[in-house]
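The values are calculated or read from the model by the stated rules, or taken from the named source; none is laboratory data. Being a predicted model, the structure only gives us computed values, none of them experimental. Heads up, the Cβs are rebuilt from the backbone with ideal geometry, glycines too, and the neighbour counts pull from every protein chain shown. Side chains included, ligands, DNA and RNA excluded: accessible areas come from the protein's heavy atoms. Shrake-Rupley method; radii C 1.70, N 1.55, O 1.52, S 1.80 Å.
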Amino acid sequence: MTERDQFLRLTVVLPTFNECSNVEPIVEQLLPLRDSFDLELLFVDDDSSDGTSEKVRMLAHRHGCVRLIRRVGRFGLSSAIKEGILDATGDVVVVMDSDGQHEPASVAHAVSALLESGGDLMVGSRFHPAASIMGLSERRERNSTWANSVARFSLPRYRHLTDYMSGFFALRPERCLPYVRQVDVNGFKFLYELLALSHGHLAVAEVPLSFQPRNAGESKLNLAVIWDLGVSILHTLLLRMVPRRAVSFALVGGTGIGIHLLVFALSQDLFGLSFEQAQVVAVVSAGCSNYLINNVLTFRSQQLSGIALVFGLIRFLLVTSLGMAANVGVSSAFYRQVTPQPLLALLAGIAVDFVWKYAASSRFVWNTP
């Protein structure tokens, strides 16, 4: 580091959720950065149940550079990263995992590279030619490679990058904050969203990471994370003209078509129901399926449970029935008064049906604007 760098204010943002056993080791490994920077270690904890916040609070009494944001009623990795960056006081902000997979030694390397390059964002890449990967299983490495290939296609202005899903990066707040403010926190991969929103206006480079096995705890990778990533990429390919939740809602609706056809066929073949009876069973089954999947994926941050889940299903089915009525009415009117083309009339009805279902269910079922 140069003499000028020694007085730089550096914030390291560390999102946590049930990482109690990892907190003290990572603090001890990051404390030597005080020799080179005016250091701030900012833990953003999603109200962990394992004592993570209490551990951070104890360390904050011992080390003045440690800070804690304990979030109640707010959760999610992207949300934690966004809140941490916005609350950081550093001239440079580094985001890294708290589970030991990102080596603390990489922090100084990434900051030095950012300062020397004069860029806006420095990404720690697991797939850089000089990187070392020890913390990814063969399956996760294969999936990450595939996801990065798709992401590269959707972000043509950043095709020189190799890791769009990295959880380790350093940034200059004065250049990046306008885009950070716009990041949709319903997604999982914060870096991908930040790059997509910046439209190539940020100067971005990479440094290689030595990606380690987790010290403790469990990976947060699950179906919801994979779903969020797919929605984010499709959202970007659609030029972000359609609301992100609407993209997810539409994808769930596509699964409902499959459920409808399957239940209809089974109702007739296995139970001998008439066409009308099988259709009723299929419509209700598809509606229930769409509701439950949307509750878990699309509206995860407002997820309903218990008795609220039951009443939500009733409201959703009512919304769905009104949408179908609107579909029939609009398509019939379009066919009679605008064009005798059946396909165009059907598409008009479907469009109105979708907009109504998405807007009404968002407001009246999950109470989101």
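What accessible area per residue, rounded to a whole number of Å², is obtained for region 245-362 using a probe radius of 1.4 Å?
I get 55 Å² per residue for region 245-362.
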Suppose all protein chains stay in the model; what accessible area per residue would a 1.4 Å probe give for region 35-86, in Å²? 42 Å²
Compute the long axis of helix 52-62 from its Cα atoms, compare it with the longest principal axis of the Cα atoms of the chain, and write down the angle in degrees, 0 to 90, nearest 10. 20 degrees
What number, rounded to the nearest 500 deg cm²/dmol, is the helix-based mean residue ellipticity at 222 nm of the chain, given -39500 (n - 2.57) per DSSP H run of at least four residues and division by all its residues? -18000 deg cm²/dmol
Rounded to a whole number, what % of the accessible area of the chain do carbon and sulfur atoms account for, probe 1.4 Å? 62 percent
Between the Cα axis of helix 138-154 and the main Cα principal axis of the chain, the angle (0 to 90°, nearest 10) is 80 degrees
proj_area_mean for the chain (convex hull on C-alpha atoms), units nm², value 22.1 nm²
Sorted by mean Cβ packing within 10 Å, highest first, what order do the peptides 294-305, 314-325 take? 294-305, 314-325
Mind putting together the pair-distance distribution for region 241-362? All Cα pairs, 5 Å bins, whole percent per bin, short to long. 2, 11, 17, 20, 19, 16, 10, 4, 1, 0
